[in-house]
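To start, the structure under review is shown below, and the notes come after it.
A short reminder: the numbers here are calculations on the coordinates, not readings from a lab. Predicted model, so just to flag it, every value in this text is computed and none were measured. Cβ placement follows ideal geometry from the backbone for every residue including glycine, while neighbour counts extend to all protein chains displayed.
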Amino acid sequence: MKKLVITFLALMGLVCKAEINILPTPEFAVESEGLFILSKSTAVIHCDQAKDSATWLVKKLNKPTGYKLKLQNKQNTKNISNAIILDYVDSESLGAEGYILAVEQNGVMILANNEAGFFYGCQSLLQLLPAEICDEQKSDTKWEIACLTIKDRPRFPWRSFMLDSGRQYQKPEFIKKYLDQMATLKMNKFHWHLTEGQGWRIEIKKYPKLTSIGSKVAQGKEQQGFYTQEQIKDIVAYAKKLHIDVVPEIDVPGHSEAALIAYPEYSCMGKAPKSVMGFTSVLFCGGNEKTYQFMEDIFTEVCELFPSEYIHIGGDEAPKADWKKCPQCQKKIKEQGLKNEHELQIYFTNRLARFLHQKGRKVICWGDVVTMPGPAMEKNVVVHWWNYRGHKDKALKEAIRRNQEIICNTNYYSYLNFPLTPWNQYRQNRTFDLKTCYEKNPSYLKPEYTDKHENIIGMGTCLWTDWFVQEYMIDRRVFPRIYAMAEQMWHKGKLTSFDDFYKKLKTHYPRLKAAKIDYGPAMIDEMSKGYKWD
Ligand SMILES: [Zn+2]
């Protein structure tokens with residue numbers, strides 16, 4: 001093992017741009033002569049810390065190869081050859097999620113100093129095998145890997161994919177398929193948008209009407225479901241094995257029509273909202289103490305279900321017309337010495353932030369909450385910058401000024417629901433291709449706001465389901481453009497040219513096909529005549 005590491009360190013000076021097609025691109029990679037051939041007699045040997053990753057890897061390898069690879073603890077192993085070895089290395093330079101992967105003719109070695117590192121090393125190894133490895137069916141492929149050495153670690157600790165299950169419901173199996181793909185792309189936060197005007201999708205035992213009424217307020221066929229607490233626990237556990245935290249979003253005080261149809265007493269006027277489309281000014285009342293109790297009850301159950309350090313509380317697009325008219329909201333503004341309704345939303349955010357701080361959590365809110373100056377915010381509030389189309393970098397700058405942590409996730413160009421060409425209400429100015437996503441993402445273009453700013457914890461990408469993006473339409477929007485996002489989140493160092501990236505990406509199409517992803521076109525040239533987004 002030591003010999004390998006030393007060899008590798010000697011090679012580190014040679015930054016190689018070879019034909020290694022792993023995506024996201026590893027930090028350093030060097031090719032060498034020869035092939036390793038995975039066979040039925042290959043052993044998978046692991047140290048104690050790598051047990052889970054090794055078990056996961058064997059499961060992944062056994063199905064398509066039809067082998068029954070043996071799993072062995074390193075301590076019980078004497079003769080090591082023709083093996084994949086996962087071993088601990090005491091290297092600070094790998095950081096919290098990094099790994100070294102060395103493939104030689106007589107074996108493969110994955111070195112890391114923690115479980116996430118082992119897991120990502122396994123993910124890279126799978127990408128080196130033929131595409132059939134992504135299929136569940138047994139294949140007679142020759143399982144060979146060209147020899148190489150990789151040292152890799154992520155650019156950002158926060159790498160999220162958001163799915164809007166509020167406007168449209170998706171089945172739990174679909175969510176799991178996305179978790180698998182996220183893991184392939186080394187993304188580690190599944191931001192699950194669980195509530196919307198068009199649907200409340202999370203079972204809350206104390207308030208059963210949230211789902212018995214709130215999950216059925218919209219008309220569509222796929223707008224009638226919700227996730228039981230048992231289903232949620234199952235998804236959280238599934239994600240954990242893939243080193244993904246599930247970060248739930250309960251969007252308040254706006255985008256809450258579904259909840260307020262179920263419990264109108266928590267709105268300002270005490271009346272159920274008439275519309276669930278778009279977003280309305282029917283908000284949770286920011287002046288009523290009973291609203292805060294209701295919120296705390298809900299977030300208590302949310303925290304029991306989701307061990308994530310981060311809880312998202314939404315806060316976007318909350319027009320204040322009702323708050324302006326509401327005697328209780330106005331009373332609260334006066335009592336608290338606030339200037340206006342915008343400041344009342346900061347107060348509302350701080351109340352929830354303090355409550356969740358007691359539970360050891362950080363809270364995330366969309367940038368809307370800080371687009372205007374106002375009172376200080378709690379330290380545990382993270383600002384999720386999104387509205388580049390409307391406010392450019394206003395929220396980002398304000399969050400930096402306030403010294404809050406920040407997630408970069410601008411609607412230009414990380415909202416993958418914007419299709420490649422116009423569809424439904426997505427006009428020409430709400431479309432983009434892979435090249436634009438790769439080259440023009442504002443949060444990538446401005447290094448003064450990203451790598452060089454310690455407040456920025458990472459980047460996100462989203463799939464919103466507005467305008468009736470149903471489950472079967474999601475793959476063709478997300479894939480393959482999500483690869484460009486993953487590359488920006490993970491790859492440490494300068495991005496390669498778009499042409500190089502695109503060439504590499506195309507080698508992944510057979511993998512997506514094998515994994516039964518109904519991916520769409522990345523560029524206009526790839527679009528068949530009459531291609532349909534629905
Ligand atoms: Zn009110």
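Below are the figures for this structure:
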| quantity | calculated |
| --- | --- |
| Listed pairs K271/K331; K392/K440; K177/K233; K209/K271; K435/K506; K60/K504 exceeding 18 Å between Cα atoms | K271/K331; K60/K504 |
| Environment charge at M187 (Cβ cut-off 13 Å; Lys +1, Arg +1, Asp -1, Glu -1) | 0 |
| Whichever lysines have a C-alpha closer than 17 Å to that of K332, once near sequence neighbours (fewer than 8 apart) are set aside | K290, K320, K324 |
| FRET efficiency, 1/(1 + (r/R0)^6) with R0 22 Å, evaluated for T141 and N106 via beta carbons | 0.55 |
| Formal net charge of residues neighbouring G214 (Cβ-Cβ distance under 12 Å; K, R +1; D, E -1) | 0 |
| 14 Å beta-carbon shell around E471, net charge (K/R +1, D/E -1) | +3 |
| Loop trypsin sites (Lys or Arg not before Pro), the range 263-334, which have at most 16 other Cβ atoms in a 10 Å radius of their Cβ (DSSP) | K271, K274 |
| Mean separation of Cα contacts under 8 Å (6+ apart) over length of the range 2-152, as relative contact order % | 31 |
| Estimated 222 nm signal from helices in the chain, with DSSP H stretches of n ≥ 4 weighted -39500 (n - 2.57), rounded to 500 | -9500 deg cm²/dmol |
